[in-house]
Amino acid sequence: MSLYSRYSALLDEVLDQLQSEGALPEGLNRRAVAVEPPRDPSHGDLASNAAMVLAKPAGTNPRALAEAIAPKLRELPDVTSVDIAGPGFINIRLSDNAWRNELRSILAAGEKYGLSTIGNNERVNVEYVSANPTGPMHVGHCRGAVVGDALARLLEAAGFRVTKEYYLNDAGAQVDVLARSLHMRYREALGQDVGEIPEGLYPGDYLIPVGQALAEEFGDRYADRPEDEWLPTFRERGITAMVELIKHDLGLLGIHHDHFASEDKLQKSGAVDKAMEVLREKGLVYEGELERPKSLDPHDEWEPVELTLFRSSQFGDDQDRPMKKSDGSWTYFGADAAYHFQKAENADHLVNIWGADHAGTVKRVQAAVKALTDGRVDLDVKLIQMVRLFRAGEPVKMSKRSGSFVTLADVVREVGKDVVRFIMLTRRADAPLDFDFTKVVEASKDNPVFYVQYAHARISSLMRKAADAGVSLDRPADLDLLDAEEIALVKLAAQYPRTIEGAAMAHEPHRIAFYLYDLAAAFHALWHRGNDDPDRRFLVENKPELSRARLELALGIGQVIRSGLALMGVTATEEMR
């Protein structure tokens, strides 16, 4: 149990006491009660909103309730003072001993420090990437892949059971285009002059080896046959080859999904009919006509068509949505609704990582999930904004190999997996991100991945130097020797567990990157004290006990940095090269 969760539990006991004394009514919802660092460190070490949250339902005012809570908090171990600020915020100061003990907890827990049970073993399905299986991953897919994978790791650390899923859009017209593009490469491999790849087909060189493999397998059997004879085979082989390419490219980032779901199999299984039947039984499907689109020019002709519509407006959507077209085929939304219904059968929560171009479909899919599961399962959609590539400030040109975009593989091969993963998490997912090939490998404070990795490498180097100097940690150090600035660093490290919980519950893995940068900056600042004063270095000559205390502090900081990087899928660097 971390320091913040420990004092949250102690506060809960105080509230229980007040309840037993009749100062608080029974049955109050305490879910919003928090113990966290105050915004201004000068106000104390911990702050609680308990009085602000509970006063109204308790039939009292926040200040009076805070004055009832404060005396009991003052009796808690390692509490040196409790003050009431403003209308009823409670600020708590702890003894330095509390923070020394937290450093010991960090060292004792090791890589398990920060792990939480807040998820209560609930099941979460995280769907991410889900690009069409028509070619290699590009840099736009890269950001969603990293965000989704980091979020999955974060949720597992917070105590959720996570399924990492990829939805293959293998039932649409795009896979027929893939098959036709592949057939041209197949004919090319047979020695036919196919000329330029026609507009509308996929021109990338990545289809050349697949076409060669088909030429070796089939010879000229399908070279001049009608399309309906070869299209199903080439579609199937093309999808299989592209999925393998996708898995390979994602593997370069250390990303591996638990399940690949197929839209084609979903539709053939009757899952869409099942979802439709459930909605019809609930009275949420009807035959009707859509209103004239507001975006349509007033002079354009418009002829309403009767469609099968879902009453999504009852669940927060702007209007009802068609699930089936007039020709009897399913709409994209109809398949999406069925797919999410299928996922919800084995999940308590659904999280989708989508490109920002899907913003218009969020409400309708959330409405379908709410309707199909009677609200049992919630769907959160994180929209990923674009990545803009630069080199020394100049926009990067497109890749010839892909035909139209810069591939994920090219980016990873140039700067490395760890750099890519870290940089993709240095902005909120809903904000555009600039990726400059030159800047992301700079040895500079302005490069967050270098700055955090350098902190860990410094700590690793420090341990090697300590071993060479004969300073060992074979017994616990005297942490009473740590000064106020060093205790302040422990206070920041102690925020790691609550950072994990907050980031996991908000589905915002970038918070870990932000936190690690702040922790690394504080460590570097402490390190630089020794530039002018040798007695303030971590390893002080002829002062082994002081050195041992500071080495334990460094070890604790290194452990938190290493754990945080692991949540991001980044390997901590032992030595900068």
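The values are calculated or read from the model by the stated rules, or taken from the named source; none is laboratory data. No experiment lies behind these values; they were computed from the predicted model shown. Counting neighbours? That spans all protein chains shown, and the Cβs are built from the backbone with ideal geometry, glycine included. We work out accessible area using only protein heavy atoms, side chains counted, and drop any ligands, DNA or RNA first. Shrake-Rupley method; radii C 1.70, N 1.55, O 1.52, S 1.80 Å.
Side notes on the structure shown:
- Options 347, 337: the member that is open to solvent by less than 10 Å² (accessible area, probe 1.4 Å), within 30 Å of residue 287 (Cα to Cα) and touching a residue at least 60 places away in the same chain (Cβ under 8 Å): 337
- Lone qualifier among 67, 36 - being under 17 Å from residue 498 (Cβ atoms) and surrounded by fewer than 17 Cβ atoms within 10 Å (Cβ to Cβ): 36
- Test: residue 28 is over 11 Å from residue 92 (Cβ atoms), of a type outside the set (Gly, Ala, Ser), assigned to a loop (DSSP other than H, G, I, E, B) and open to solvent by less than 20 Å² (accessible area, probe 1.4 Å): no
- Subset of segment 163-184 that is β-branched (Val, Ile, Thr) and not in a strand (DSSP E or B) - its residue that is farthest from residue 237 (Cα to Cα): 177
- Filtered residues of segment 159-190 (kept if more than 30 Å from residue 118 (Cα to Cα), surrounded by fewer than 23 Cβ atoms within 10 Å (Cβ to Cβ) and in contact with a Ser or Thr (Cβ under 6 Å, 6 or more places away or on another chain)): 168, 174
- Residue in segment 417-433 that is free of Cβ contacts under 8 Å to residues at least 24 places away in the same chain and either more than 19 Å from residue 570 (Cα to Cα) or of a type outside the set (Lys, Arg) (or both) present: no
- Residue in segment 13-33 that is in contact with a strand residue (DSSP E or B) (Cβ under 6 Å, 6 or more places away or on another chain) and not small (Gly, Ala, Ser) present: no
- In segment 60-77, the count of residues that are in contact with a strand residue (DSSP E or B) (Cβ under 7 Å, 6 or more places away or on another chain), within 30 Å of residue 157 (Cβ to Cβ), in a loop (DSSP other than H, G, I, E, B) and not aliphatic (A, V, I, L, M) is zero.
- Scan segment 86-115 for residues that are touching a Ser or Thr at 6+ places or on another chain (Cβ under 8 Å), open to solvent by 10 Å² or more (accessible area, probe 1.4 Å) and not in a strand (DSSP E or B) and the total you get is 4.
- In segment 116-138, residue surrounded by the most Cβ atoms within 10 Å (Cβ to Cβ) [restricted to those that are hydroxyl-bearing (Ser, Thr, Tyr) and in contact with a helix residue (DSSP H, G or I) (Cβ under 6 Å, 6 or more places away or on another chain)]: 128
- Which numbered condition residue 141 fails, given (1) over 16 Å from residue 350 (Cα atoms); (2) open to solvent by less than 20 Å² (accessible area, probe 1.4 Å): (2)
- Residues (closer than 28 Å to residue 237 by Cα and not in a helix (DSSP H, G or I)) located in segment 128-161: 128, 129, 130, 131, 132, 133, 134, 135, 136, 137, 138
- Positions within segment 315-334 being open to solvent by 40 Å² or more (accessible area, probe 1.4 Å) and part of a helix (DSSP H, G or I), in sequence order: 315, 332
- Of all the listed residues (446, 430), the sole one being assigned to a loop (DSSP other than H, G, I, E, B), in contact with a strand residue (DSSP E or B) (Cβ under 7 Å, 6 or more places away or on another chain) and at negative phi is 430.
- Here residue 258 fits the description: modelled with pLDDT of 95 or more, among the acidic types (Asp, Glu) and open to solvent by 30 Å² or more (accessible area, probe 1.4 Å).
- Hey, residue 569 over 23 Å from residue 99 (Cα atoms), open to solvent by less than 20 Å² (accessible area, probe 1.4 Å) and among the small types (Gly, Ala, Ser) or not: yes
- Candidate set: segment 505-551, residues that are among the small types (Gly, Ala, Ser) and without any contact (Cβ under 8 Å) to a residue 40 or more places away in the chain; chosen: the one most open to solvent (accessible area, probe 1.4 Å): 525
- Checked against the criteria, residue 410 counts as open to solvent by 30 Å² or more (accessible area, probe 1.4 Å), part of a helix (DSSP H, G or I) and closer than 30 Å to residue 198 by Cα.
- One residue from 38, 57 being within 21 Å of residue 492 (Cα to Cα), free of Cβ contacts under 8 Å to residues at least 60 places away in the same chain and touching a Leu at 6+ places or on another chain (Cβ under 9 Å): 38
- Scanning segment 335-352 for residues that are under 15 Å from residue 366 (Cβ atoms) and either acidic (Asp, Glu) or in a strand (DSSP E or B) (or both) yields a total of 5.
- Every residue from segment 150-162 that is under 13 Å from residue 127 (Cβ atoms) and touching a Lys or Arg at 6+ places or on another chain (Cβ under 7 Å): 152
- Test: residue in segment 475-491 that is surrounded by fewer than 20 Cβ atoms within 10 Å (Cβ to Cβ), part of a loop (DSSP other than H, G, I, E, B) and at pLDDT below 95: yes
- Residues within segment 540-554 that are basic (Lys, Arg) and either closer than 16 Å to residue 475 by Cβ or under 36 Å from the mean Cα position of the chain (by Cα) (or both), tallied: 2
- In the set (1) at pLDDT 95 or above; (2) part of a loop (DSSP other than H, G, I, E, B), the condition left unmet by residue 369 is number (2).
- Verdict on residue 425 being closer than 29 Å to residue 312 by Cα, open to solvent by less than 30 Å² (accessible area, probe 1.4 Å) and outside any strand (DSSP E or B): no
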